[in-house]
Amino acid sequence: MMRKIGSTALDVFELCLGGNVFGWTADEGQSFAVLDAYAQAGGNFVDTADVYSAWATGHPGGESETIIGRWMAARGNRDQIIVGTKVGMLPILAGLSEKTIFAAVEASLQRLQTDYIDLYYAHIDDPDTPLEETLGAFDSLVREGKIRYAAASNYSAPRLAEALAVSDREGLTRYVALQTEYNLMDRAGYEGELEAVCAREGLSCLPYFALAKGFLTGKYRPGAGDVDSARAESARKYLDERGVRALNVLDDLAAAHGVPVAAVALAWLLAKPTVASPVASARTPEQLPDQLPAATLVLAPDEVAALDAASDPGRSS
């Protein structure tokens with residue numbers, strides 16, 4: 001049920017609750033209900049970012065952090081929750097300069113109503129700022145106790161390897177985890193070079209879009225009607241021959257284990273050696289039971305292999 005992130009002291013639930021919907025497609029009341037249900041199920045790992053949900057009209061960003069902060073304050077459970085948030089993509093605080101990181105962390109701490117962040121991510125690589133400057137800023141925050149660990153998100157394999165080498169050479173805090181897009185339908189971006197860096201350097205992978213924007217819940221089928229989701233159009237792009245093939249295997253395994261399709265898709269990720277805790281979001285508490293069984297579901301090697309084969313991006317038929 002719990003896994004350690006890399007070599008850290010962070011013991012996290014095997015399903016990370018994505019907070020990108022909080023304050024966007026889930027209002028504060030709905031968000032509190034989801035957070036309550038997740039915590040009651042044993043969950044302790046919540047993911048957010050300062051940019052959530054600045055893409056929505058009239059949203060400056062910080063909505064998700066604010067809701068999570070209010071929830072933790074209302075429940076008095078800050079010491080029981082591991083919070084991951086990010087810097088670098090909010091339009092008014094873009095990039096990973098020292099000045100930006102120092103300003104962004106103070107704003108995030110205020111919204112989260114806390115004096116420390118457990119896992120602070122560089123949300124996206126910033127090629128215009130020297131890695132020494134970015135990592136030096138994170139190192140300062142660790143020494144000040146404002147963050148416990150630093151992590152990377154959306155880094156390429158060469159840049160991630162370079163960042164780790166800079167940390168080792170300069171004696172700076174190291175990234176302990178990588179958050180990247182990875183799921184049954186999106187494998188090529190992580191498997192291979194990026195996965196190898198994580199394995200070699202002892203980083204945990206925390207995949208986002210773990211359910212392929214909802215496609216791997218099984219809601220999207222040939223001939224199925226419209227799905228009420230802000231990501232429905234994005235999810236439908238997976239509904240090709242490979243997607244149908246993967247759904248068929250997921251259906252078989254879900255039936256065999258007596259669990260929802262989404263739980264099998266998440267369990268496939270958890271079977272990968274570098275993966276610690278996939279990130280999945282829920283707009284309502286009713287969506288969580290589709291995901292939560294993944295934390296206790298162990299797929300047999302032949303079941304993992306069947307899903308590997310069905311979703312193989314290089315397979316022609």
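The values are calculated or read from the model by the stated rules, or taken from the named source; none is laboratory data. Keep in mind that this is a model prediction, so the values were computed, not measured. Neighbour counts are summed over all protein chains in view; Cβ atoms, including those assigned to glycine, are modelled from backbone coordinates with ideal geometry.
Within region 1-55, the set of residues being touching a Pro at 6+ places or on another chain (Cβ under 7 Å), under 14 Å from residue 292 (Cα atoms) and aliphatic (A, V, I, L, M) comprises 15, 34, 37. Taking region 95-107 as the range and being among the small types (Gly, Ala, Ser) and crowded, with 17+ Cβ neighbours inside 10 Å as the test, the residues that pass are 95, 97, 104, 107. Scan region 181-221 residue by residue and report those that are within 17 Å of residue 15 (Cβ to Cβ), among the hydroxyl-bearing types (Ser, Thr, Tyr) and under 16 Å from the mean Cα position of the chain (by Cα). Within region 181-221, 182, 204, 208 meet the criteria.
Being touching a residue at least 40 places away in the same chain (Cβ under 8 Å) and on the phi > 0 side of the Ramachandran plot holds for only one residue in 202, 171, and it is 202. If you check residue 22 against the conditions, is it surrounded by 24 or more Cβ atoms within 10 Å (Cβ to Cβ), of a type in the set (Phe, Trp, Tyr) and either at pLDDT 95 or above or within 29 Å of residue 126 (Cβ to Cβ) (or both)? Here the answer is yes, as residue 22 does meet what is asked. Taking residues in region 83-112 that are in contact (Cβ under 8 Å) with a residue 12 or more places away in the chain, and partners anywhere that are aromatic (Phe, Trp, Tyr), the pairs with Cβ atoms closer than 6 Å and at least 6 places apart or on different chains are 86/121. The number of residues in region 282-302 being farther than 16 Å from residue 217 by Cβ and touching a residue at least 12 places away in the same chain (Cβ under 8 Å) comes to 4. For region 291-317, residues that are among the acidic types (Asp, Glu) and surrounded by fewer than 12 Cβ atoms within 10 Å (Cβ to Cβ) total 1. Summed over region 14-41, the residues that are closer than 23 Å to residue 111 by Cβ and either of a type outside the set (A, V, I, L, M) or not in a helix (DSSP H, G or I) (or both) give a count of 19. Residues that are at negative phi, buried (at least 22 other Cβ atoms within 10 Å of the Cβ), touching a Ser or Thr at 6+ places or on another chain (Cβ under 9 Å) and not small (Gly, Ala, Ser): does region 241-253 have at least one? So far as region 241-253 goes, no, none of its residues is at negative phi, buried (at least 22 other Cβ atoms within 10 Å of the Cβ), touching a Ser or Thr at 6+ places or on another chain (Cβ under 9 Å) and not small (Gly, Ala, Ser). Listed conditions (1) touching a helix residue (DSSP H, G or I) at 6+ places or on another chain (Cβ under 9 Å); (2) surrounded by fewer than 17 Cβ atoms within 10 Å (Cβ to Cβ); (3) within 19 Å of residue 20 (Cβ to Cβ) are all met by residue 91, apart from (1). Answer yes or no as to whether residue 69 is farther than 15 Å from residue 114 by Cβ, more than 18 Å from the chain's Cα centre (by Cα), outside any loop (DSSP other than H, G, I, E, B) and not hydrophobic (A, V, I, L, M, F, W, C). Here the answer is no, as residue 69 does not meet what is asked.
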